[in-house]
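Please treat every number below as a calculation from the coordinates, not as lab data. The model shown is predicted, which means the values in this text are computed figures rather than measured ones. Neighbour counts are summed over all protein chains in view; Cβ atoms, including those assigned to glycine, are modelled from backbone coordinates with ideal geometry.
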There are 2 protein chains.
Amino acid sequence: MTFANVGTLGTVPGKRDELVRYLTRRSETLRQIGCLAYEVGVNDNDPDTVFVVELWESEEAHKSSLALPEVQASITGARPLLSGTFGGFRFEVAGSPLRD
Amino acid sequence: MTFANVGTLGTVPGKRDELVRYLTRRSETLRQIGCLAYEVGVNDNDPDTVFVVELWESEEAHKSSLALPEVQASITGARPLLSGTFGGFRFEVAGSPLRD
């Protein structure tokens with residue numbers, strides 16, 4: 001069942017766009033391990049926050065991804081840009097009006 | 001620029017699954033007016049909440065959708081199922097590691 005992970009990442013002041021560039025570096029691995037969508041964005045009303053919507057083939061695929069060396073390295077690399085404030089939620093996709 | 005609208009809808013106790021069925025009724029209109037994705041889901045840790053991730057061709061497409069009679073009727077129809085508690089955030093998509 002498709003799994004959604006939606007989050008806000010607080011950044012060190014002024015580091016938002018650097019974190020966006022970091023998180024949007026092209027990755028072939030992500031798709032191979034079951035990531036269906038990974039949208040990274042911003043909202044100028046909240047200038048030190050990066051927003052992420054992730055869709056995964058399953059909750060298990062998402063969980064497994066966190067153990068991969070590439071993903072671990074990415075998390076470590078992002079740390080100096082983060083303020084330590086996080087938000088968001090996770091859910092199991094039940095359906096969509098765009099498909100049967 | 002792709003626009004994301006991510007939200008939580010609190011429901012009247014026990015009405016979660018009814019709201020999910022309501023929100024996932026097939027709609028050809030949504031895609032025609034610029035809706036790229038509309039994922040509806042649940043999390044059993046939060047039993048009276050429905051989660052929605054929407055992606056739109058633009059913020060303007062999302063805004064215009066709210067004025068359509070079909071969408072207005074849908075909002076009115078959902079009202080008896082809602083507790084009045086809402087959460088979430090909106091952002092402009094800056095990119096994705098899954099595409100260039």
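Can you find a residue that is among the aromatic types (Phe, Trp, Tyr) and in contact (Cβ under 8 Å) with a residue 24 or more places away in the chain anywhere in the stretch A:40-52?
yes
For the stretch B:15-68, enumerate the residues that are of a type in the set (S, T, N, Q) and more than 23 Å from A:Met1 (Cα to Cα). Write out each step before concluding.
Residues of the stretch B:15-68 of a type in the set (S, T, N, Q): B:24, B:27, B:29, B:32, B:43, B:45, B:49, B:58, B:64-65.
Listed by number, the residues that qualify are B:Thr29, B:Gln32, B:Ser58, B:Ser64, B:Ser65.
Would you check if there is a residue in the stretch A:67-79 being surrounded by fewer than 15 Cβ atoms within 10 Å (Cβ to Cβ) and in contact with a strand residue (DSSP E or B) (Cβ under 9 Å, 6 or more places away or on another chain)? Spell out the reasoning first.
Of the residues in the stretch A:67-79, the ones surrounded by fewer than 15 Cβ atoms within 10 Å (Cβ to Cβ) are A:67-70, A:72-73, A:75-77, A:79.
Still in the list and also in contact with a strand residue (DSSP E or B) (Cβ under 9 Å, 6 or more places away or on another chain): none.
No, the stretch A:67-79 contains no residue that is surrounded by fewer than 15 Cβ atoms within 10 Å (Cβ to Cβ) and in contact with a strand residue (DSSP E or B) (Cβ under 9 Å, 6 or more places away or on another chain).
Looking only at helices (runs of 4 or more DSSP H) that fall completely inside the stretch B:7-100, which ones have 1 or more residues that are farther than 24 Å from A:Thr49 by Cα and facing chain A (nearest Cβ under 7 Å)? Even if it seems obvious, please write down each step before you answer.
On the way: elements: B:16-23, B:28-32, B:59-65, B:69-78.
So the answer is B:16-23, B:28-32.
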